[in-house]
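Everything below concerns the one structure shown next.
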Amino acid sequence: MLNDELKAQLRTYLERLQQPIRLIAALDDSETGRDMRALLDDIAAQSDRITLIESDADDVRRPSFAIARADDSVHLRFAGLPLGHEFTSLVLALLQVGGHPSREDAELQEQVRQLDGDFHFESYYSQSCQNCPDVVQALNLMAVLNPRIRHTAIDGAAFQDEVERRQVMAVPSVYLNGEPFESGRVSLAQIVAKLDTGAAAREAAKIAAKPAFDVLVVGGGPAGAAAAIYAARKGIVTGIVAERFGGQVLDTLAIENFISVPYTEGPQFATALETHVREYDVDIMNLQQASELVRGEDLIEVKLANGASLKSKTVILATGARWRQMNVPGEDEYRNKGVAYCPHCDGPLFKGKHVAVIGGGNSGVEAAIDLAGIVRHVTLIEFDSQLRADEVLQRKLRSLPNVTVIVSAQTTEVTGDGQRVDGLIYQDRKSGDEHRVDLDGVFVQIGLLPNTDWLKGTLELSNRGEIEINDRGETSLAGVFAAGDCTTVPYKQIVIAMGQGSTAAPSAFDHLIRTSAPETGERKAA
């Protein structure tokens, strides 16, 4: 199952085991069951601290396996093969059950230990989902830390009947004690916050007590991370407040155009960003949503959704962008019930089915190409009279026998049976005629919107909602700078966002040293 290189790497990792562990296999005669047996044999052969045994229990999914300690204090199971993106989750689970400490924040780990209650989590993943490992790894760690927490990670592709019965149409999807708990990427801190109802109030009080910053960065994506590093290197008091550290990068699969790094993936890149920022004296406040920007006489105030507020001499806005929605009837109703935005994550759940992709740019055509290898048929619908993707992508798309392309078409409604998507309606923009396409899923790929709704009326925005800036990153509000995809800079790319963040921070520093108090009025020309 594992090649020699992976075996060697795994053997090195397993040297960190501090106590014996058991792999308890519940197998069957399916192809997945046979592959699981081979995988478990390979794992057990790499360490004399691992024992492989078979279970005859009839109350567990098959094929599956548990990773357990001798005292049975850990309740952690994989149903299906934890390969692809989930192989890292498997390795971490082996190490953590075996006593190797987690690098997660110590205070957060203690919160998990103190959770009072019996929690049985089930998470559905796909091997191609780049968002799933964070969820699986968070729930696995919870099961390691607290004996009253159980977790089963389930490969949706291996348990199609169960996925159909529970109507799981997006991954990661999490159930708690048999009921839906969360859908989409969530961190350990977010999960704990939902279970520990007093955590949000404690965090808000802690934030409210912080003294003023010299530079406060709002946003934790590439632009925000670069700005925070450049500011901290100046030796000034720097903070960064982010709704989720990594931002949109967390939803990106392959990154192949970040110069000097031929290939990486979004979650890995986001982890590297945060690790780099933490090398400096930066106060990171994650999982916090900014709700209002207020210009005071001496300081700028950023109010947060939890009721707390932060003050700073200068502010750098790096709030990024989000997927654009179609805003048609049925889209919200059937979100995660057939309406999806990540073909890499959710595509495997639609194996053998008919799906549509909305959008004929690079993202839409790439999604259609990827999905064509999984689903029965793809219908790509484009508003314009022609596709806008690069010609090389269009040639590949045209070569696929199970793809239909419809141009000059405006999607007007997503339809369903009350439980899941069953089709969509589009209007032919030339004839005005309406048409229906019977479908099982709709993947929306129509671009981005800047995360600037909370800034309307505070500073100058373009007609697209982007923050107006000059070449120094200055906004229309003195002492407030901006960088990245939320601004008017053309070509929304990671490397460009980082460059902007690296411009905004020195501009903020220059503002600090040239003014004894923040100026008011319109920004100066660069």
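The values are calculated or read from the model by the stated rules, or taken from the named source; none is laboratory data. Since the structure is predicted, the reported quantities are computational estimates derived from the model, not experimental observations. With ideal geometry, Cβ positions are generated from the backbone for all residues, glycine too; neighbour counts draw on all protein chains shown. Quick note on the areas: whole protein, heavy atoms, side chains included, nothing else; ligands and nucleic acids left out. Shrake-Rupley method; radii C 1.70, N 1.55, O 1.52, S 1.80 Å.
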Inset, instruction - Quickly run through the range 73-90 and pick out the residues that are open to solvent by 10 Å² or more (accessible area, probe 1.4 Å), modelled with pLDDT of 95 or more and over 21 Å from LEU250 (Cα atoms). - result: ARG77, LEU81
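Looking only at residues that are small (Gly, Ala, Ser) and part of a helix (DSSP H, G or I) in the range 148-175, which one is surrounded by the fewest Cβ atoms within 10 Å (Cβ to Cβ)?
To start, the set of residues in the range 148-175 that are small (Gly, Ala, Ser) comprises 153, 156-158, 170, 173.
Checking which are part of a helix (DSSP H, G or I) leaves us with 156-158.
Values: GLY156: 29, ALA157: 20, ALA158: 22.
Per the criteria, the residue is ALA157.
The rows are residues; the columns are (1) without any contact (Cβ under 8 Å) to a residue 24 or more places away in the chain; (2) within 16 Å of the chain's Cα centre (by Cα).
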| position | (1), (2) |
| --- | --- |
| VAL91 | no, no |
| LEU95 | no, no |
| ARG103 | yes, no |
| GLU110 | yes, no |
| GLN127 | no, yes |
| GLN130 | no, yes |
| ASN146 | no, no |
| VAL163 | no, no |
Inset, instruction - Could you list all residues from the range 207-233 that are touching a Leu at 6+ places or on another chain (Cβ under 9 Å), under 15 Å from THR314 (Cβ atoms) and surrounded by fewer than 24 Cβ atoms within 10 Å (Cβ to Cβ)? - result: ALA212, ASP214
Inset, instruction - Take SER47 and decide whether it is part of a loop (DSSP other than H, G, I, E, B), at pLDDT 95 or above and surrounded by fewer than 20 Cβ atoms within 10 Å (Cβ to Cβ). - result: yes
Inset, instruction - Can you tell me which residue within the range 258-271, out of those that are at pLDDT 90 or above and in contact with a helix residue (DSSP H, G or I) (Cβ under 9 Å, 6 or more places away or on another chain), is most open to solvent (accessible area, probe 1.4 Å)? - result: ILE259
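Given the residues LEU477, LEU397, LEU424, LEU455, which is the only one that is open to solvent by 10 Å² or more (accessible area, probe 1.4 Å) and of a type outside the set (Phe, Trp, Tyr)? Outline the logic, then answer.
On the way: LEU397 fails: open to solvent by 10 Å² or more (accessible area, probe 1.4 Å); LEU424 fails: open to solvent by 10 Å² or more (accessible area, probe 1.4 Å); LEU455 fails: open to solvent by 10 Å² or more (accessible area, probe 1.4 Å).
Of the residues listed, the single one that is open to solvent by 10 Å² or more (accessible area, probe 1.4 Å) and of a type outside the set (Phe, Trp, Tyr) is LEU477.
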Inset, instruction - With respect to ALA38, determine if the residue is open to solvent by less than 40 Å² (accessible area, probe 1.4 Å), in a strand (DSSP E or B) and over 21 Å from SER187 (Cβ atoms). - result: no
Inset, instruction - Can you run down the residue pairs with Cβ atoms below 8 Å, 6 or more apart or on separate chains, where the first is in the range 25-51 and free of Cβ contacts under 8 Å to residues at least 24 places away in the same chain and farther than 19 Å from THR152 by Cα and the partner is open to solvent by less than 40 Å² (accessible area, probe 1.4 Å) and outside any loop (DSSP other than H, G, I, E, B)? - result: ALA44/LEU23; ALA44/ILE50
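Sort out which residues of the range 234-257 are among the hydrophobic types (A, V, I, L, M, F, W, C), part of a loop (DSSP other than H, G, I, E, B) and buried (at least 22 other Cβ atoms within 10 Å of the Cβ), and write them in order of number. Please lay out each step first, then the result.
Initially, the range 234-257 is screened for residues among the hydrophobic types (A, V, I, L, M, F, W, C), giving 236-237, 240-242, 245, 249-250, 253-255.
In the following step, the residues that additionally are part of a loop (DSSP other than H, G, I, E, B) were identified as 236-237, 242, 245, 253.
Result: ALA242, PHE245.
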Inset, instruction - Name, by its number, the condition in (1) free of Cβ contacts under 8 Å to residues at least 40 places away in the same chain; (2) outside any loop (DSSP other than H, G, I, E, B); (3) of a type in the set (Val, Ile, Thr); (4) in contact with a strand residue (DSSP E or B) (Cβ under 8 Å, 6 or more places away or on another chain) that does not hold for ILE513. - result: (4)
Inset, instruction - Specify which of the listed residues (ASP428, ASP433, ASP453) is at pLDDT 95 or above and within 29 Å of the chain's Cα centre (by Cα). - result: ASP453
